[in-house]
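*Asks:* Questions regarding the structure given below will be posed in turn.
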Amino acid sequence: MKHALLRLGMLIVFVAPLFAQQEKPGFGITFSGYVKTDAMFDTRQTTSAREGHFFLYPAPEVLDKNGADINAAPGFNILSIQTRLTGKITAPDAFGAKTSGQMEAEFFGTTDGDINGFRLRHAFLKLDWAHTSLLVGQTWHPMFILEMFPGVVSFNTGVPFQAFARAPQIRLAYTTGDVKFTLAAASQRDFQSNGPAGLSSAYLRNSVIPDLHAQVSYASGGHLAGAALDYKKLTPRIVTTKNVKTDAFVDGIAALGFVKVNADPVTIKAQALYGQNTPDLMQIGGYAVTSTDPVTGIEAYTALTTFSAWAEVSIGKQIEYALFAGYSKALGADENVTGPYYGRATDIGDLYRIAPRIQFNAEKTRISAEVEYTAAGYGTPDGANKGKVGNIRTVANTRLLVAFYYFF
C-alpha cells in the first residue's frame, strides 16, 4: 500500500505540470515556407542576378566586328534557389503589448558568387497595442506595400516598375478605424545605393540621417488605397581625389500612390512612383556629378528623377488568370551633368513590360506559367540636357517561365 501511494504521488508530481502547461497559451516558433523550382527560357541575353533568375531587363545591343548583336542570343536555366523557410515567433505579452516576431531565409545567396547561399530576408520584433504597433528589425522597405504587390510568377516581383527592397528599420504605425498612419526610419543592407566605391551602404551611413518615410493608407472590405513620401540623403565621398575632406551630399524625395480593388473574383491593383535617386528600390536612375572643383576635387551632385507605374488584373482562385503591365521613364535631373553617373541603368530612357500568367492551385501545390515581354530603350545620357537619355534604340526580351511550388 505504501509503495502504491508513493507511485501515485510521483505520478501526480510529473503529470500535474503537463496539465498546467496545456492551460497556458502556446508560445514558440512555427515553421512554414515552400520549395520552388523555376524553369526559364529567354530570347535574349539579360541584365539579371543569380544566373538569370532575378530578371531586370534585356541586355543592351553590343555589336561584334561584323555588326552582329552579341546579346541577341537565347538562354535557358532551371533553378530551385528561391526555396525558403519562415519561422513565425509568438511569446508572452510585454510592455502591455502583444508580441510577435519573424525570421525568414532562403537559398538565393547575397551575390552571384554566393548562389545557393542561405541568406536572411526577414528578422524582426513587433509589438502591438490597441491602435499602435512598433516594428524593429529587417523586413520589407515601407515603399513595398505588402498588401498589394504584383502576384507575378517571376521572382522579380514586378521590378523595376515595383519598388522593391528589404531594409533594417524602425517602423511605427497608428490605426484609427480604417485609416493607418506609418512613420519609419530605415538603413540599407542587401539593397544598396551606388557611388564612387560601387554598391555600398556607406553613402547612407555617412549621411547620418536614415531613410525617412511617412505613409497613410485606407483599407476596407478588401479594398486599399494610400500614398507615401520617402526622403533619402547620400554622402558619396568623405574625402576627394585631391585628399581634401568633403561633406557634399545628394538628396531626393520619392512619392508613391497605390490602390487595390477587390471585386471578388476579380482583383485590380495599380501603383505609381515618382522618385529621385531610387536605385536602392530597384528603380532605374540614380544621381550624377554637376561640377568638380579643380583645386579641392569637391563635387556637387544632382539626383536623377524616374517615373514608374504598374497595374495588374487577376481573376480566379483555384485557376488564376492574370495580366501585369508596367512602364518606367527616366526624366533626367534638375541641372546639367558634367561628371560621372551613379545608379542603375542610367543609359535607359524608358522601359515597358507585359506579362500574362496562369496558375493552377491544388491543396499545397501550385503550377504556374508566365510569358514576360520586356522592352528597354537604351541611349546616351546628355549632360548638356540635364542627363536625359537620347538616341534611343529599343531591344526586347521574351521570357517563358514555368514554376512549381510545394507549400508547407
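The values are calculated or read from the model by the stated rules, or taken from the named source; none is laboratory data. These numbers come from a predicted model, not from an experiment. For neighbour counting, all protein chains shown are included, and Cβ atoms are generated from backbone atoms with ideal geometry for every residue, glycine included.
*Asks:* Can you find, within the range 350-367, the residue that is surrounded by the fewest Cβ atoms within 10 Å (Cβ to Cβ) among those that are of a type in the set (A, V, I, L, M) and out of contact with any Asp or Glu (no Cβ under 6 Å at 6 or more places or on another chain)?
*Replies:* Here the residue is ALA362.
*Asks:* Look through the range 232-259, keep the residues that are among the β-branched types (Val, Ile, Thr) and buried (at least 21 other Cβ atoms within 10 Å of the Cβ), and return whichever of them is farthest from ALA309 (Cα to Cα).
*Replies:* Applying the first criterion (among the β-branched types (Val, Ile, Thr)) to the range 232-259 yields 235, 238-241, 244, 246, 250, 253, 259.
Checking the rest, the ones that are also buried (at least 21 other Cβ atoms within 10 Å of the Cβ) come to 235, 250.
Working: THR235: 28, VAL250: 24 Å.
For the range 232-259, the residue satisfying everything is THR235.
*Asks:* Hey, PHE155 hits all of (1) among the aromatic types (Phe, Trp, Tyr); (2) part of a loop (DSSP other than H, G, I, E, B); (3) closer than 19 Å to ALA184 by Cα but one; which does it fall short on?
*Replies:* Result: PHE155 passes all but (3).
*Asks:* Checking the condition under 15 Å from the mean Cα position of the chain (by Cα) and hydroxyl-bearing (Ser, Thr, Tyr), which residue from SER100, SER154 passes?
*Replies:* SER154
*Asks:* If you don't mind, there's one more thing I want to ask. If you go through the range 340-348 one residue at a time, do you hit one that is over 20 Å from MET40 (Cα atoms), touching a helix residue (DSSP H, G or I) at 6+ places or on another chain (Cβ under 9 Å) and of a type in the set (A, V, I, L, M)?
*Replies:* yes
*Asks:* Filter the range 285-300 down to the residues that are surrounded by fewer than 24 Cβ atoms within 10 Å (Cβ to Cβ) and not aliphatic (A, V, I, L, M) and list them by number.
*Replies:* If the condition is that a residue be surrounded by fewer than 24 Cβ atoms within 10 Å (Cβ to Cβ) and not aliphatic (A, V, I, L, M), then THR290, SER291, THR292, ASP293, PRO294, THR296, GLY297, GLU299 are the ones that fit.
*Asks:* How many residues are closer than 15 Å to ARG84 by Cβ, of a type outside the set (A, V, I, L, M, F, W, C) and without any contact (Cβ under 8 Å) to a residue 24 or more places away in the chain when one looks only at the range 105-132?
*Replies:* The total comes to 1.
*Asks:* PHE258 fails exactly one of the following numbered conditions: (1) in contact with a Gly (Cβ under 7 Å, 6 or more places away or on another chain); (2) farther than 20 Å from GLY226 by Cβ. What is the number of that condition?
*Replies:* (2)
*Asks:* Among the candidates VAL337, VAL295, VAL313, VAL289, which residue alone is in a loop (DSSP other than H, G, I, E, B) and in contact with a Ser or Thr (Cβ under 9 Å, 6 or more places away or on another chain)?
*Replies:* VAL337
*Asks:* Do we have any residue at all in the range 260-268 that's within 17 Å of the chain's Cα centre (by Cα) and either surrounded by fewer than 22 Cβ atoms within 10 Å (Cβ to Cβ) or at pLDDT 95 or above (or both)?
*Replies:* no
*Asks:* A further question follows. Here are LEU135, LEU146: which of them is among the aliphatic types (A, V, I, L, M), surrounded by fewer than 19 Cβ atoms within 10 Å (Cβ to Cβ) and either in contact (Cβ under 8 Å) with a residue 12 or more places away in the chain or touching a strand residue (DSSP E or B) at 6+ places or on another chain (Cβ under 8 Å) (or both)?
*Replies:* Values: LEU135 fails: surrounded by fewer than 19 Cβ atoms within 10 Å (Cβ to Cβ).
Within the list LEU135, LEU146, the selection yields LEU146.
*Asks:* Of the conditions (1) over 25 Å from ALA263 (Cα atoms); (2) out of contact with any Phe, Trp or Tyr (no Cβ under 8 Å at 6 or more places or on another chain); (3) part of a strand (DSSP E or B), LEU323 satisfies every one except a single condition; which number is it?
*Replies:* (1)
*Asks:* For the range 350-362, check the following and say yes or no: at least one residue is assigned to a strand (DSSP E or B), in contact with a helix residue (DSSP H, G or I) (Cβ under 7 Å, 6 or more places away or on another chain) and within 30 Å of GLY195 (Cα to Cα). Full working, then the answer.
*Replies:* First pass over the range 350-362, keeping only residues assigned to a strand (DSSP E or B): 350-362.
Then drop every residue that is not in contact with a helix residue (DSSP H, G or I) (Cβ under 7 Å, 6 or more places away or on another chain), which leaves none.
No, the range 350-362 has no match at all.
*Asks:* Somewhere in the range 295-311, is a residue farther than 15 Å from VAL250 by Cα and touching an Asp or Glu at 6+ places or on another chain (Cβ under 9 Å)?
*Replies:* For the range 295-311, residues farther than 15 Å from VAL250 by Cα and touching an Asp or Glu at 6+ places or on another chain (Cβ under 9 Å): absent.
*Asks:* While we're looking at this one, here's another question. Quick check on this structure: which one of ASP190, ASP230 is in contact (Cβ under 8 Å) with a residue 60 or more places away in the chain, outside any strand (DSSP E or B) and of a type outside the set (Phe, Trp, Tyr)?
*Replies:* Going through ASP190, ASP230 in turn, just one is in contact (Cβ under 8 Å) with a residue 60 or more places away in the chain, outside any strand (DSSP E or B) and of a type outside the set (Phe, Trp, Tyr): ASP190.
*Asks:* While we're on this one: Run ASN66 past the list (1) more than 17 Å from the chain's Cα centre (by Cα); (2) touching a residue at least 24 places away in the same chain (Cβ under 8 Å) and report the number of the one that doesn't hold.
*Replies:* All conditions pass for ASN66, except number (2).
*Asks:* Still on this model: If LYS242 meets every condition in (1) out of contact with any Ser or Thr (no Cβ under 7 Å at 6 or more places or on another chain); (2) in a loop (DSSP other than H, G, I, E, B); (3) among the charged types (D, E, K, R) apart from one, which number is that one?
*Replies:* (1)
*Asks:* From the list ASP334, ASP350, pick out the single residue that is touching a residue at least 24 places away in the same chain (Cβ under 8 Å) and either under 24 Å from HIS53 (Cα atoms) or aromatic (Phe, Trp, Tyr) (or both). Give the derivation first.
*Replies:* On the way: ASP334 fails: either under 24 Å from HIS53 (Cα atoms) or aromatic (Phe, Trp, Tyr) (or both).
None of the others qualify; the one that does is ASP350.
*Asks:* Further question on the same structure: Is it true that TYR321 is surrounded by fewer than 16 Cβ atoms within 10 Å (Cβ to Cβ), among the aromatic types (Phe, Trp, Tyr), at pLDDT 95 or above and out of contact with any Cys (no Cβ under 6 Å at 6 or more places or on another chain)?
*Replies:* Considered against the rule, which asks whether it is surrounded by fewer than 16 Cβ atoms within 10 Å (Cβ to Cβ), among the aromatic types (Phe, Trp, Tyr), at pLDDT 95 or above and out of contact with any Cys (no Cβ under 6 Å at 6 or more places or on another chain), TYR321 comes out as yes.
*Asks:* I would also like to ask the following. Check LEU204, LEU224 and return the single one that is over 12 Å from MET143 (Cα atoms), in a strand (DSSP E or B) and either among the polar types (S, T, N, Q) or modelled with pLDDT of 95 or more (or both).
*Replies:* Result: LEU224 is the single residue among LEU204, LEU224 that is over 12 Å from MET143 (Cα atoms), in a strand (DSSP E or B) and either among the polar types (S, T, N, Q) or modelled with pLDDT of 95 or more (or both).
*Asks:* Can you pull out every residue in the range 340-349 that is surrounded by fewer than 21 Cβ atoms within 10 Å (Cβ to Cβ) and either part of a strand (DSSP E or B) or touching a Phe, Trp or Tyr at 6+ places or on another chain (Cβ under 8 Å) (or both)?
*Replies:* TYR341, ASP347
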